[in-house]
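This report concerns only the one structure given below.
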Amino acid sequence: MQPHPTRSVVVLGSTGSIGTQALDVIARNPQRFRVAGLAAGGRRVDLLARQAAESGAEVVAVADTAAVPALREALAAHRSTARILAGPDGVAELAAWPCDVVLNGIDGALGLASTLAALEAGRTLALANKESLIMGGPLVKRLVKPGRLLPVDSEHSALAQCLWAEGPPGEGEWIGRSVRRLVVTASGGPFRGRSRAEMADVTPEQAMAHPTWSMGPVVTVNSATLVNKGLEVIEAHLLFDIEFDRITVMVHPQSVVHSMVEFMDGSVIAQASPPDMRLPIALALGWPERVPQAARPVDWTTAHTWTFEPLDDEAFPSVALARRVGMAGGTAPAVYNAANEVCVEAFRKGRLPFLGIVDTVAKVVDQHDPTPAESIEEILDADAWARARAAELVGR
Ligand SMILES: NC(=O)c1ccc[n+]([C@@H]2O[C@H](COP(=O)([O-])OP(=O)(O)OC[C@H]3O[C@@H](n4cnc5c(N)ncnc54)[C@H](OP(=O)(O)O)[C@@H]3O)[C@@H](O)[C@H]2O)c1
């Protein structure tokens, strides 16, 4: 068998949940991957410097320029000779750095500039930062070369694997003629089974206690409101070019079946593995080759029960709202995402009740007149407008 050529990887958001797991995959597979560069916001410079030293990264970018002196000191302390790039432009420069794969694990709308920079430079992009695809929509898609945008979200990785059963996708064509629908699974989050009234007083601590996944704070709250699932429905529509009415969400509390594809003949193909993001990360970095022992498989020596139930749209209106926003298109998804980011922060700081998150996002979305989102300026204007409007409604 031919040895795999080593792929050089730039990890954006290296100090976060996705970033640290990506570095673990890379460290365990030195013959397959090596780190070319790392980027983070600047809140955890010691961790960033340690990562640079351990991975041998040649360049490190930090978004917060004020963190540069501390980073320089920490790099010296960890005996790393990595070059420093500073500020949002430095992060974007690293996103376009010569390498085989750029992994975008930045959280939230701040990831858009890096997604655009990586794609404009013709890089292969392993995308965890779903927000950038959702905000950028057609603008981002126009920059994608066939086979160069690889999903890291476990659901979309699962869908890609199930669709592979049809054979490799052609020029940007994932959905063959034999696909009837995509079934995106959702754990249901910590408040699954509750009515709206039963969620009126939930606290940030309760919302942060996800039953099956350990993730960064924003995506964890988004999993409790199911806004994350709403974003993922829009992500599936954009990644796989499929209409919203052919995307179904099913609640599957065990988070073992990560999504499914239903074919025209009535057959359903599912992808199953215990919840561990290192599997979809490894697949995106090594695509289309699988990385041996990327994660622990299902234990077939014990009994399992996997359950599926329809989503309660009344208790969790965020997914229906996301469908509406996705169908409106243009700047509407950017507004949904930006308003949500403001509301999540207000909730985490105790300034907005849990139910206020999606209620406020719905109000902001309803007050927005979407435009086609043909330029980055238009998208950033919509994002800024939504943030300001949400902040007014939240009361600050
Ligand atoms: N975690 C999961 O299991 C999971 C699963 C599926 C999808 N995702 C998606 O993956 C993305 C990352 O999620 P996460 O859970 O890993 O978030 P996280 O733990 O909060 O990590 C975010 C990372 O982004 C960095 N960062 C923040 N602002 C930045 C900027 N302007 N430039 C460069 N880096 C910046 C942070 O650096 P600092 O340390 O300096 O703050 C940190 O390294 C999100 O889009 C999320 O929806 C996550």
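None of the figures in this text is laboratory data; all of them are computed from the coordinates on show. Predicted, not measured: the structure shown is a model, and the values here were computed from it. Here the Cβ is made from the backbone with ideal geometry for all residues, glycine too, and neighbour counts use every protein chain on show.
Figures for the structure shown
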item: Selection from Leu143, Ala92, Pro310 lying farthest towards where the dipole of the chain points positive, charges on Cβ; result: Ala92
item: Candidates Gly56, Gly216, Gly266: whichever shows maximal mean-square fluctuation once the chain is modelled as a Gaussian network with Cα springs under 10 Å; result: Gly266
item: Region 340-363-region 173-193 distance, computed between alpha-carbon centres (Å); result: 26
item: Base-10 log of normalised Debye intensity for region 80-133 (one unit scatterer per alpha-carbon) at q = 0.18, 0.22 Å⁻¹; result: -0.53, -0.77
item: Diffusion coefficient, µm² s⁻¹, Stokes-Einstein with Kirkwood Rh over alpha-carbon pairs of region 192-248 at 37 °C and 0.692 mPa s; result: 255
item: Principal axis dimensions, largest first and in whole angstrom, of region 329-395 by Cα; result: 36, 18, 15
item: Two-decimal Rg to Rh for region 7-151 - Kirkwood Rh, Cα set; result: 0.95
item: Chymotrypsin sites (Phe, Trp or Tyr not before Pro) lying in DSSP loop within region 282-315, provided at most 11 other Cβ fall within 10 Å; result: Trp300
item: Along principal axes, Cα extents of the chain, largest first, whole Å; result: 55, 55, 43
item: Under 14 Å, Cβ to Cβ, from Arg32 - net charge with Lys/Arg +1 and Asp/Glu -1; result: +2
item: 9 Å beta-carbon shell around Ala117, net charge (K/R +1, D/E -1); result: -1
item: Fully extended contour minus Cα-Cα distance, from Arg44 to Val298, at 0.36 nm per residue; result: 88.0 nm
item: Proximal charge balance of Ile247 [Cβ under 13 Å; K/R count +1, D/E count -1]; result: -2
item: Area projected by the alpha carbon convex hull of region 276-351, averaged over all directions, nm²; result: 9.4
item: Among Met264, Ala66, Gly122 - extreme Cα towards positive end, dipole of the chain, charges at beta-carbon; result: Ala66
item: Derived scalar couplings ³J(HN,Hα) [region 384-390; Karplus, 6.51 cos²θ - 1.76 cosθ + 1.60; whole Hz; x for Gly, Pro]; result: 5, 4, 5, 5, 5, 5, 5
item: For region 329-395, size of Cβ-based charge dipole, Lys and Arg +1, Asp and Glu -1, in debye; result: 480
